[in-house]
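Reading through the structure tokens given below for one structure.
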Amino acid sequence: MQDARTSAPFRHTFAMSPFSAWMRLLRENGRGDPGYRGRLAGVLLASAAAAPARLAERAVYGRRVRRTAIDPPPLMILGYGRSGTTHLHNLLAQDPRHGSVTTLQCIVPTFFLLARAAPRSLLAGLVPSARPMDNMRVALDLPQEEEVALANATHMSFLHHLSFPRNAVGLHRRYALMEGLDDREMRRWERTYLDIVRKAAFHARGRRIVLKSPSNLARIPHVLRIFPDARFVNIVRNPFAVYLSLTNMFRKLIPIHQLQEVEWDEVERVIIDAYRANMKRYLRDRSLIPRNRLVEMRFEDLEAAPVAELRRVYDGLDLGGWGAAERPVKAYLDTVEGYRKNRFRMDAATVGRVSAEWGFALDEWGYDPAGARP
């Protein structure tokens, strides 16, 4: 698989993960291939350089963050990657009563509260202006999935498979399916996740935090243990479109982050197996969520009638306040009216593979394989 070794090492999305986390990742996943030593050196330098800021934040804000109540309970967007979760997240974030984990917090979660005061001109280089896989706008104050913050705070995130793609299966098993963790590791993961949400709540000053992590699709029991009163929205999308979009995303993201070579066949196998495992885990565990705390939707319905679908979420979860949210939601929709999604060619081989591997999802959500034929 071709890489982009000439890309700036400091633009590695997870360079701000603590030095100890990187040492653990390298110990468990290998030290990377020789061709990526320059990238790794830059990442480790950036991680080590941020240590004083981490210590300062803990000293200044540590006690206040620990005392921050997450009330009201969070609203959590489930849904596998490339299923419209970002669009839904941005829509829900328009409600003035909602807060979120921002892109800035995701990039520097361990010293986010200090970084808020830094001039934006100094921080702008931390993120691109648009996502490489779909050209959606990126900005420091926009909502972002908290899994990125988790990966920048600890080694315990599946997202680190972008750096160590040859160990993606093991990282997925441990940090998406949460298998093989002992009690101490589980408590550490929960404590880190809770710290991220508490910081967001502290920053939001009492507003409800809207969270979005595709990995949570497979972590419902663990999320409920942290937030027993959380509200959930699960969004699904035609699996054929998801598959094509996922392959495009990983072709764009892995070269930016990888520290080891990987064959595309291995990546493709992970795409197939991870979707199947996460979706089946969700179907098994969704009954753990009380009925009045879960709304399910299809991306295609949200795209066709966003205001009606958002209203259904508010009514179904008894969130209240739709009157205050409707106007900013409609204003936001006006700003993205001209956005065009990626278009991918559907060939017979893709139709056959998705039908065979993800047929259970086609059946569950009522998607017709015949409609996907090229």
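The values are calculated or read from the model by the stated rules, or taken from the named source; none is laboratory data. Predicted model, so just to flag it, every value in this text is computed and none were measured. So basically every Cβ, Gly included, is an ideal-geometry build from the backbone, and we count neighbours across all protein chains shown. We work out accessible area using only protein heavy atoms, side chains counted, and drop any ligands, DNA or RNA first. Shrake-Rupley method; radii C 1.70, N 1.55, O 1.52, S 1.80 Å.
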message = Regarding the range 44-55, can at least one residue be identified that is in contact (Cβ under 8 Å) with a residue 40 or more places away in the chain, assigned to a helix (DSSP H, G or I) and either more than 30 Å from V236 (Cβ to Cβ) or open to solvent by 40 Å² or more (accessible area, probe 1.4 Å) (or both)?
response = yes
query = Do any helices (runs of 4 or more DSSP H) entirely within the range 285-371 hold 2 or more residues that are hydroxyl-bearing (S, T, Y), and if so, which?
reply = 322-335, 348-357
key: Count of residues meeting criterion [of a type in the set (D, E) and part of a helix (DSSP H, G or I)] in the range 181-239   = 4
task = Only residues that are touching a residue at least 24 places away in the same chain (Cβ under 8 Å) and more than 25 Å from R37 (Cβ to Cβ): list them for the range 244-269, please.
result = L244, S245, L246, T247, N248, M249
query = Would it be correct to say that L333 is open to solvent by less than 40 Å² (accessible area, probe 1.4 Å) and under 21 Å from F232 (Cα atoms)?
reply = no
message = Against the condition among the charged types (D, E, K, R), surrounded by fewer than 12 Cβ atoms within 10 Å (Cβ to Cβ) and touching a residue at least 60 places away in the same chain (Cβ under 8 Å), how does E303 come out, does it pass?
response = no
task = Could you list all residues from the range 64-89 that are in contact with a strand residue (DSSP E or B) (Cβ under 6 Å, 6 or more places away or on another chain), open to solvent by less than 20 Å² (accessible area, probe 1.4 Å) and not in a strand (DSSP E or B)?
result = P74, G79, S83, G84, T85, L88, H89
ask   = Name the pairs whose Cβ atoms lie under 7 Å apart, with the first residue in the range 7-22 and at pLDDT 95 or above, the second among the charged types (D, E, K, R), and 6 or more positions between them or separate chains?
value = P18/R54
ask   = When the range 360-372 is examined, which residues are found to be surrounded by 14 or more Cβ atoms within 10 Å (Cβ to Cβ), of a type outside the set (A, V, I, L, M, F, W, C) and modelled with pLDDT under 95?
value = Y367, P369
ask   = Within the group A149, A204, which residue is within 13 Å of the chain's Cα centre (by Cα) and modelled with pLDDT of 95 or more?
value = A149
task = Go through L142, L92 for me and flag whichever is within 18 Å of V197 (Cβ to Cβ) and modelled with pLDDT under 95.
result = L142
remark   = Residues of the range 91-106 being within 13 Å of the chain's Cα centre (by Cα) and open to solvent by 10 Å² or more (accessible area, probe 1.4 Å), in sequence order, are S100, T102
ask   = Which number in (1) among the aliphatic types (A, V, I, L, M); (2) at pLDDT 95 or above; (3) surrounded by fewer than 24 Cβ atoms within 10 Å (Cβ to Cβ); (4) under 27 Å from G366 (Cα atoms) marks the one condition that L217 misses?
value = (3)
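Can you find even one residue in the range 116-133 that is more than 23 Å from V336 (Cα to Cα), modelled with pLDDT of 95 or more and aliphatic (A, V, I, L, M)?
Checked against the condition, which is being more than 23 Å from V336 (Cα to Cα), modelled with pLDDT of 95 or more and aliphatic (A, V, I, L, M), the range 116-133 yields no hits at all.
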task = Considering each residue of the range 280-292, count those that are open to solvent by less than 60 Å² (accessible area, probe 1.4 Å) and touching a Pro at 6+ places or on another chain (Cβ under 9 Å), and give that number.
result = 1
ask   = Inside the range 224-266, can you point out the residues that are over 19 Å from K212 (Cα atoms), open to solvent by 10 Å² or more (accessible area, probe 1.4 Å) and β-branched (V, I, T)?
value = T247, I256
